[in-house]
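Only the coordinates and a few stated rules stand behind these numbers; no lab work does. It should be emphasised that the depicted structure is a prediction, and the values quoted were computed from it without experimental measurement. Quick reminder, even Gly has a Cβ in these numbers, built from the backbone with ideal geometry, and neighbours come from all protein chains shown.
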Amino acid sequence: MTFDIVNPQALGVPKGWNNGLLAPRDGRILFVAGQAGWEEESTGTPPDFAGQFAHALDRVLAIIAAAGGAPADLARLTIYVVDLAAYRESRKAIGAVWRERLGKHYPAVALLEVKGLVDRGAVVEMEATAVIGGGR
């Protein structure tokens, strides 16, 4: 299964995301609830920003896998961060995490800075949409 990438020239060339992905026919849509980079009930010290990014992304991908999907089925990802500056400072490490798990697959991505997250100690949370299966 592949998505059709939708990047109108008028919007410029995106780097590290797509403006839109058109899902194949007959695919099943999976909505993934917010997955935190640190759960409040966890013991120890929360990992650094890139570590929390990896943890949240791993949780998203585990849910996609449990539904019978693969990382390339990820169509849309919304990333919530409590500190945009920390995100920017961690971009190189985040990029390494991304490439290790998703290679050059880039879904439609939104990044939002928020005041706080429900899980104390969490600095990143992700929610996603995946399209599982579907032929052309």
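Run the reach check for Lys115 against lysines, Cα to Cα strictly under 29 Å, same-chain hits fewer than 8 apart removed. What comes back?
Qualifying lysines at Cα under 29 Å: Lys15, Lys92.
How charged is the neighbourhood of Phe31? Take every other residue with its Cβ under 12 Å from the Cβ of Phe31, and add Lys/Arg as +1 and Asp/Glu as -1. Spell out each step's value before the answer.
Working: positive: Arg28, Arg76; negative: Glu127.
Overall, the nearby charge balance is +1.
Could you order peptides 48-57, 70-79, 122-131, 22-31 by the average number of other Cβ atoms within 10 Å of their residues, highest first?
122-131, 48-57, 70-79, 22-31
In the chain, what percentage of the DSSP-assigned beta bridges are antiparallel, given to the nearest 5?
On the way: 17 of 24 bridges.
Around 70 percent antiparallel, to the nearest 5.
Using 7 Å Cα-to-Cβ label points, what is the Gln9/Arg88 separation (nm, one decimal)?
Result for the modelled spin labels: 3.2 nm.
How many angstrom lie between the Cα centre of region 4-37 and the Cα centre of region 94-136?
Comparing the Cα centres of region 4-37 and region 94-136, I get a distance of 11 Å.
Apply 1/(1 + (r/R0)^6) to the Cβ-Cβ distance of Arg25 and Arg120, taking R0 = 30 Å, and write down the FRET efficiency to the nearest 0.05.
It comes to 0.10.
Work out, in µm²/s and without decimals, the Stokes-Einstein translational diffusion coefficient of region 64-136 at 25 °C, 0.890 mPa s, Rh from Kirkwood over C-alpha pairs.
180 µm²/s
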